[in-house]
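Undergrad: I have a structure here, written as structure tokens, and I will follow up with some questions on it.
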Amino acid sequence: MNKNRLDYLDSIRGLAAFSVLIYHFIFSLDTFHYWDGRRIQYFLAMIFNGADAVSLFFVLSGLVLSYKYFNAEKSNVQINYPAFVIQRIFRIYPAYLVMISCFFLYNFRAYLSLDFFLNGIFKEDHNFIIEALLIRKVHEFYLPGWTLEIEIALSLLVPVLIIVALKYSKMLKWLILVSFFFNSVLSPFLFHFILGVWLGKNFDKIKKHDFKSSKIYPFRGIFYFLVAILYSVRFFNDIFSFGTFFSLPNYYFGLTAFHITGVASCLILWKAINSSSWQKILRWKPFLFLGRISYSVYLTHWFVIFNIFIGHPKGLAELFYFGNHIYMFGLLFCILSTIIIATAMYYLIEMPLIRFGKKVSKKYFPDNLNSVTI
């Protein structure tokens, strides 16, 4: 077992991926006018807030990718950037390529032929290749792929942020402000990764902090409630409408709900690092398992919901004798199908390719030749 791996953070990723699954199922029912304008849809979305799980994913990535460098046992920190890039590529692309290929084959199943592949992919329409490469903001087949494009691009900047944090500690704080206010020029999600690196750098301090002796501890209930509101701010806006309070910062600075949920995600992770009781709960085996397959859950849930269930809700429900409870069946079907497919993808594709990526990086980019020592 990797001693640098924080398993309870895997569980948080797993729970976030699960919330994305439930969230997308909730809004997929708009296809059938199920909610009919009822606000209960938004209250459920606040509980299973898959929209803002994106913020949690990105802050978490910054944390887990930087943590081991700030907590290294050696006095000198070594960053092998070529090996880092290779391992990120093998971590993200293989399972994604399998999934996007499934979308492509399913959507064009009536036209499959050698000529179709040659003409449709390599000669006439290159969007599939561009989308598969995650480089040009093309997401026709797998819509949540936009998050993976951001993940691969900004995660490759994490080693640079680690160097800044180690050599120019105060600059990291300024970068948080710069990324917050100049997000329209940079990326709005660079802010999240920098917050994650900040958590990684201050991990030991956060872990040892005596929250019970702090001034806000007597008001912790209010504090937790405010964090929950920040994390679900977009849905409070949908229900109650904040008006210019919400629109003016967006107009002048390009600030969105994602910036607010990024701060909330940082506070949630701060609490997880600091709280042994949270960690005990998060180390429950089902949560840990969900954490291991979380990436595959994220990849496969969209196909299960929008290609399999939404296309044949009544037929599937009747097939399993749930004809009078189509939408309850749909929820169970999407959860179980996603977990089963994601488990298979994790063990058959993710794990073997991650290990292969590590072997490739060690063979062609050994630490003693490619590391930058800080």
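The values are calculated or read from the model by the stated rules, or taken from the named source; none is laboratory data. None of the values given here were measured: they were computed from a predicted structure. Glycine also receives a Cβ, built like all others from the backbone with ideal geometry; neighbour counts cover every protein chain displayed. Just the protein is used for accessible areas: all its heavy atoms, side chains included, with ligands, DNA and RNA removed. Shrake-Rupley method; radii C 1.70, N 1.55, O 1.52, S 1.80 Å.
Undergrad: With a 1.4 Å probe and every protein chain kept in, tell me what percent of the accessible surface of the chain is carbon plus sulfur.
TA: Working: 13170 of 20150 Å².
About 65 percent, which is the carbon plus sulfur part of the accessible surface.
Undergrad: Under 1.5 on a/c is rounded, so check that first for the stretch 282-338, then, if it is not, pick prolate when a/b is larger than b/c and oblate when it is not; a ≥ b ≥ c are the square roots of the alpha carbon gyration tensor eigenvalues. Don't skip to the answer; put the middle values down first.
TA: Numbers: a/c = 4.08, a/b = 1.93, b/c = 2.12.
Oblate is the answer for the stretch 282-338, as a/c is 1.5 or above yet b/c matches or exceeds a/b.
Undergrad: Next up: List every DSSP H helix in the chain whose Cα atoms extend 24 Å or more along the helix's own long axis and whose mean Kyte-Doolittle hydropathy is at least 1.0.
TA: Length and hydropathy pass: 53-70, 81-107, 257-274, 326-345.
Undergrad: Next question, about the same structure. Which residue, Val263, Leu186, Met171, has the largest displacement toward the positive end of the dipole of the stretch 146-277 when charges sit on each Cβ (Lys, Arg +1; Asp, Glu -1)?
TA: Met171
Undergrad: Within 14 Å, Cβ to Cβ, of Tyr42, how many net charges do the neighbouring residues add up to if Lys/Arg are +1 and Asp/Glu are -1?
TA: Once positives and negatives cancel, what remains is -1.
Undergrad: Is the shape of the stretch 227-374 best called rounded, prolate or oblate, per the rule: a/c under 1.5 gives rounded, else a/b larger than b/c gives prolate, else oblate, with a ≥ b ≥ c the square roots of the Cα gyration tensor eigenvalues?
TA: Oblate, since a/c reaches 1.5 and b/c is not below a/b.
Undergrad: Among Gly145, Gly254, Gly37, which one moves the most in a GNM of the chain with springs linking Cα atoms closer than 10 Å?
TA: Its mean-square fluctuation being the largest, the pick is Gly37.
Undergrad: Given Lys167/Lys285; Lys271/Lys363; Lys167/Lys207; Lys201/Lys280, which pairs have Cα atoms separated by over 32 Å?
TA: Going by Cα-Cα distance, Lys167/Lys285; Lys271/Lys363 fall outside the 32 Å limit.
Undergrad: For the chain, with every protein chain kept in place, what is the accessible area per residue (1.4 Å probe, Å²)?
TA: About 54 Å² of surface per residue is accessible.
Undergrad: Right, another one. So, taking all protein chains as they sit and a 1.4 Å probe, how much accessible area belongs to Arg355, in Å² rounded to tens?
TA: Accessible area of Arg355: about 140 Å².
Undergrad: Please give the FRET efficiency for Arg109 paired with Tyr81, using the beta carbon to beta carbon distance and R0 = 45 Å, rounded to the nearest 0.05.
TA: The formula returns an efficiency of 0.60 here.
Undergrad: Which listed residue (Val77, Ser247, Leu316) has the Cα farthest towards the positive end of the charge dipole for the chain, taking +1 on Lys and Arg C-beta and -1 on Asp and Glu C-beta about the Cα centre?
TA: Of Val77, Ser247, Leu316, it is Val77.
Undergrad: Moving to a separate point now. What residue among Tyr217, Tyr346, Tyr295 has the largest mean-square fluctuation in a Gaussian network model of the chain, using Cα springs under 10 Å?
TA: Tyr217
Undergrad: Of the listed values (1) 163; (2) 155; (3) 181, grab the one calculated as volume of the Cα convex hull per residue in Å³ from the structure here.
TA: (3)
Undergrad: For the chain, set up a GNM with springs between Cα atoms under 10 Å and report which of Lys215, Lys359, Lys137 has the largest fluctuation.
TA: Comparing Lys215, Lys359, Lys137 in a Gaussian network model of the chain, the most mobile one is Lys215.
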